[in-house]
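Working notes for the structure below.
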Amino acid sequence: MAKWTFEPGHSAAEFSVRHMMVVWVRGHFKNITGTIEFDPENPAESSVDTSINTEELWSGDADRDGHLRGSDFLDVENHSTITFKGNEVEVIGKNDFRVTGDLTLRGVTRRVTLEVNYLGQWGTPFWVDGKDQGPKMRAGFVAKTTIDRTDFGISWNGELENGGVVVGKDVLITIDIEALLE
């Protein structure tokens with residue numbers, strides 16, 4: 001089985017959650033790290049192991065970022081990483097899979113299933129110190145899931161008139177991976 005390593009500069013995770021019942025607010029984690037054991041001819045035997053540095057959260061608003069990093073949400077001081085390790089793969093199409101594994105967020109681990117789309121692979125240039133060391137084989141993946149943030153101990157909220165809430169429970173997650181063949 002081929003081993004692929006995430007290229008941090010081209011791999012990221014995004015989350016979005018409803019705010020004030022009217023809009024989806026998004027946040028990002030750049031430079032996520034990890035590895036994928038993957039062969040497009042035998043995807044059912046694949047596995048993934050990834051880590052996200054919670055300190056690198058960015059939502060475009062410094063005050064919001066500070067609140068999200070604090071104890072009401074990610075509690076970065078005590079939980080500096082989010083991890084996902086999965087090796088249960090269900091093939092649902094030529095390039096589409098469901099990968100189930102353990103997501104650890106704020107020290108709480110839950111089983112989560114990612115809907116994964118394999119985008120293909122290409123031999124590409126690989127620049128080191130201004131010189132092309134390629135071709136280097138790259139593969140692309142997009143994974144999506146939705147979690148209930150309260151399952152991970154993230155319950156901060158405020159109530160609005162008519163039964164609304166400041167922050168929704170459902171968090172939509174999208175992970176974009178560009179991986180290099182080792």
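Which FRET efficiency value, to the nearest 0.05, is calculated for T5 and N78 with the Förster distance at 25 angstrom and r the Cβ-Cβ distance?
Working: r = 28 Å, r/R0 = 1.13.
It comes out at approximately 0.35.
Quick one: if the Förster radius is 30 Å, what FRET efficiency do Q133 and N31 give, using the C-beta to C-beta distance and rounding to 0.05? After rounding to 0.05, the efficiency reads 0.90. Against the empirical curve 2.2 N^0.38 Å, the C-alpha radius of gyration of the chain lands at a ratio of 1.12.
What FRET efficiency comes out for H67 versus R110 if R0 is 22 angstrom and r is the Cβ-Cβ distance? Round to the nearest 0.05.
Details: r = 23 Å, r/R0 = 1.05.
Once rounded, the FRET efficiency stands at 0.40.
Annotation: amide H-H contacts under 5 Å for E88 (H modelled 1.01 Å from N, sequence separation of 5 or more, or interchain): T100.
The local environment of I154, defined by Cβ-Cβ distances under 11 Å, has a net charge of -1 under the rule Lys, Arg +1 and Asp, Glu -1.
Could you work out how much longer the chain between R98 and W58 gets when fully extended? Use 0.36 nm per residue separation minus the Cα distance between them, nm to one decimal. Before the final figure, lay out each step's value.
Numbers: separation 40, 0.36 × 40 = 14.40 nm, distance 2.77 nm.
Stretched out fully, the R98 to W58 stretch lengthens by 11.6 nm.
Values quoted throughout were computed directly from the atomic coordinates according to the rules given, and no laboratory measurement underlies them. These numbers were taken from a predicted model, which means no experiment stands behind them. Virtual Cβ from ideal backbone geometry, glycine too; neighbours counted across all protein chains shown.
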